[in-house]
Protein chains: 2
Amino acid sequence: MSKRLAELGEDRLVKRLMKGLPVGSNVITGPGDDCAIIGRPRDRKLKLLKTDCVVEDIHFTRGVDSRRVGWKALCRAISDIAAMGGEPEHAVITIALPRDLDLGWVDGLYAGMRKAARRFGVGIVGGETARSPGPIFINVALTGTVERRHCVQRSGGEPGDAIYVTGRLGASAGGKHLDFIPRVNEAQWLTRHFRLHAMMDLSDGLGADLPRLAAASACGYRLEPASIPKNSGASVEQAISDGEDYELLFAVAPSAGSRIESAWCRNFPRLPLTRIGELVQPSKTRKSITARGFDHFAPA
Amino acid sequence: MSKRLAELGEDRLVKRLMKGLPVGSNVITGPGDDCAIIGRPRDRKLKLLKTDCVVEDIHFTRGVDSRRVGWKALCRAISDIAAMGGEPEHAVITIALPRDLDLGWVDGLYAGMRKAARRFGVGIVGGETARSPGPIFINVALTGTVERRHCVQRSGGEPGDAIYVTGRLGASAGGKHLDFIPRVNEAQWLTRHFRLHAMMDLSDGLGADLPRLAAASACGYRLEPASIPKNSGASVEQAISDGEDYELLFAVAPSAGSRIESAWCRNFPRLPLTRIGELVQPSKTRKSITARGFDHFAPA
């Protein structure tokens with residue numbers, strides 16, 4: 001009997017598709033992290049590569065100001081480059097559009113992308129346009145660079161590490177998902193001054209993403225739900241499950257954690273940094289996360 | 001009154017979206033050519049970057065073997081890297097899929113992409129999955145490299161240049177559009193042995209693409225319709241208008257053209273190379289192209 005995507009779920013689909021992929025030369029990290037990392041053994045600077053899309057009626061609705069959609073489309077990919085400590089560089093944009101779409105909508109989309117590109121030093125160097133017989137699709141592929149010694153993956157966490165999160169979580173659908181600020185500066189400051197063990201950006205919700213970081217690090221985790229910083233109006237459950245926070249989640253040795261906390265306040269006084277739990281031995285995960293993050297293919 | 005995409009057409013939409021784009025540093029060629037070209041002034045090797053998509057019911061139908069769709073999705077981008085004389089390197093894949101899609105379809109898609117990746121030495125280094133509330137959407141972003149002295153753009157053609165095309169054109173919808181071979185080897189041989197003035201791959205049909213090459217080179221063109229090599233079953237009109245040929249179109253000095261012709265037969269005995277016209281002064285375009293290529297947003 002044939003199986004449908006909804007029965008499998010996103011993580012298992014991705015694992016299945018990754019099997020047997022020809023990864024090619026000079027690939028340090030392939031599928032499975034925020035970005036691919038490419039570099040020869042002696043390169044001091046590594047290349048990052050990321051692809052990401054937003055789809056109408058999944059990630060935005062047509063009624064919303066398209067400048068915000070453009071901002072979101074580019075900033076989602078920027079957030080992934082940031083999550084490795086990287087600097088975004090060059091983007092290429094694919095748009096598939098219904099033929100009856102208002103031209104002003106497309107103009108606004110590009111205005112939003114130009115604004116994000118200028119703010120984060122990204123060059124928009126190419127694109128592709130196609131017709132869509134259905135929803136609007138926008139894909140952003142983004143390159144970046146990172147110094148090898150500053151590059152942080154998901155997989156370096158160790159039992160005992162403190163887990164931190166930037167900003168506040170939950171209720172992003174109220175508007176933040178369209179206007180969030182990717183944490184490029186914060187991640188670069190962190191990776192330049194401290195030895196982070198593991199980092200990723202929160203896109204599918206803490207409840208989906210923390211287990212991914214822990215699994216990539218061959219660790220379990222303990223989460224302290226009461227400590228999770230919540231956006232106003234968000235419950236703890238929402239802060240865990242909602243997704244689209246685009247905040248940084250990282251793991252460091254506890255001693256480094258204390259030093260980061262005191263230096264953080266001086267550098268980013270308006271953005272909270274919160275210790276929300278720890279990595280543990282794999283067998284010792286305390287299943288305090290009952291809510292799950294966003295799964296594109298979960299049964300409705 | 002608001003304007004819709006269908007009233008504008010693809011080329012004018014692209015020109016409109018390119019206005020005011022922040023292009024970033026080290027960009028040799030941004031939007032408007034087959035790929036973006038990136039490199040510092042003294043780099044011997046340049047980086048290429050391309051994004052491309054295929055959309056269900058525009059570029060393929062669901063009934064077709066999905067391995068052929070995967071092959072096509074990756075090979076379209078490979079063809080653009082080839083068109084600059086480049087070597088494809090690393091790909092990242094975005095797929096947006098309906099939730100009720102059969103898993104076997106996705107497995108086949110990836111089997112086709114793996115096959116193309118292995119044949120052309122491409123590493124598939126990352127991806128993104130999302131749900132689509134409509135058609136299947138597949139985006140491929142591909143990097144490549146090219147020696148600076150072998151890199152060919154659209155813009156270097158000169159009046160008097162001979163125009164050549166590889167292979168045969170037209171009637172690609174009969175099947176070739178799913179199984180074509182991107183001309184990576186042929187383009188590398190051409191660029192290493194001869195000084196091509198301009199090159200591109202034929203994706204929207206000779207009738208759309210030749211005027212683009214001529215315009216990028218600030219030239220006009222004369223086409224000899226009787227000389228156009230046609231796939232079996234294709235009329236001259238189809239060979240000009242159908243699109244999805246994925247053959248090389250290039251311009252060279254006439255003397256180089258003769259040398260290429262004789263060396264070509266020895267190296268690629270099974271693939272025709274045909275002189276189909278010439279570049280001329282801009283004012284002297286002979287409007288022998290009455291048919292037009294494929295325009296995604298042209299009125300139905």
query = Going by a ≥ b ≥ c, the root eigenvalues of the Cα gyration tensor, does chain B fall in the rounded group (a/c under 1.5), the prolate group (a/b larger than b/c) or the oblate group?
reply = rounded
message = Explain nothing, just the number: dipole magnitude of the protein assembly as shown about its Cα centre with +1 on each Lys and Arg Cβ and -1 on each Asp and Glu Cβ, in debye rounded to the nearest 20.
response = 1440
remark   = Per the C-alpha gyration tensor (a ≥ b ≥ c, the square roots of its eigenvalues), the stretch A:162-284 is rounded if a/c is under 1.5, else prolate if a/b beats b/c, else oblate; here it's oblate
task = Quick one, can you get me the convex hull of the C-alpha atoms of the stretch B:18-159 expressed as volume per residue in Å³?
result = 149
query = Under Stokes-Einstein, with the Kirkwood radius over Cα pairs standing in for Rh, what whole-number D in µm²/s applies to the protein assembly as shown at 4 °C and 1.567 mPa s?
reply = 52
Chain B: antiparallel DSSP beta bridges as a percent of all, rounded to 5 = 80
request  = Using R₀ = 41 Å, calculate the FRET efficiency as 1/(1 + (r/R₀)^6) where r is the Cβ-Cβ separation of A:ASP179 and A:GLU7; round to 0.05.
outcome  = 0.70
remark   = tail above 22 Å in the computed P(r) of the stretch B:76-220, as % of all Cα-Cα pairs, reads 49
request  = Using just the helices of chain A, give the 222 nm mean residue ellipticity in deg cm²/dmol: DSSP H runs with n ≥ 4 each add -39,500 (n - 2.57), and the total is spread over all residues, rounded to 500.
outcome  = -9000 deg cm²/dmol
ask   = Using a simple spin-label model with points 7 Å from Cα along the Cα→Cβ vector, what separation in nm is obtained for A:ARG195 and B:THR145?
value = 3.2
message = Students often get this wrong, so check it: of B:LYS15/B:LYS115; B:LYS50/B:LYS176; A:LYS45/A:LYS284; A:LYS50/A:LYS115, which have C-alpha atoms separated by over 29 Å?
response = B:LYS15/B:LYS115; A:LYS45/A:LYS284
key: Unit charges on C-beta of K, R, D, E only; dipole of the stretch A:162-284, Debye   = 520
request  = Be a star and scan the stretch B:1-35 for residues whose amide nitrogen sits under 16 Å from the point 7 Å along the Cα-to-Cβ vector of A:ASP102.
outcome  = B:1-7
Given charges at Cβ of Lys, Arg, Asp, Glu: the protein assembly as shown dipole, positive-most of A:TRP71, A:ALA173, B:PHE297 = A:TRP71
inquiry  = If I take the Cα coordinates of the stretch B:178-225 and project them onto the principal axes, what are the three extents in Å, biggest first?
reply    = 31, 29, 20
message = Placing the label point 7 Å from Cα along the Cα-to-Cβ direction, what are the distances from B:LYS15 to the equivalent spots in the other copies, shortest first, in nm to one decimal?
response = 5.3
key: Helix axis angle, B:184-193 relative to chain B longest principal axis, alpha carbon, degrees   = 30
key: Test item: Cα-centred dipole of the stretch A:5-150, Lys/Arg +1 and Asp/Glu -1 on Cβ, debye   = 580
note = So, with points 7 Å from each Cα along the Cβ direction, the A:GLN281-B:ARG118 label distance in nm works out to 4.2
ask   = When chain B is treated as a GNM, springs tying every alpha-carbon pair under 10 Å, which of B:MET18, B:MET200, B:MET113 comes out with the largest mean-square fluctuation?
value = B:MET18
ask   = Pick from A:ARG192, A:ARG118, A:ARG222: which residue has the top mean-square fluctuation in a GNM of chain A where Cα pairs under 10 Å get a spring?
value = A:ARG118
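Laboratory data are not the source of any read-out in this text; all were calculated from the coordinates shown. On a predicted model such as this, the values are computed, not experimentally measured, just so you know. Counting neighbours? That spans all protein chains shown, and the Cβs are built from the backbone with ideal geometry, glycine included.
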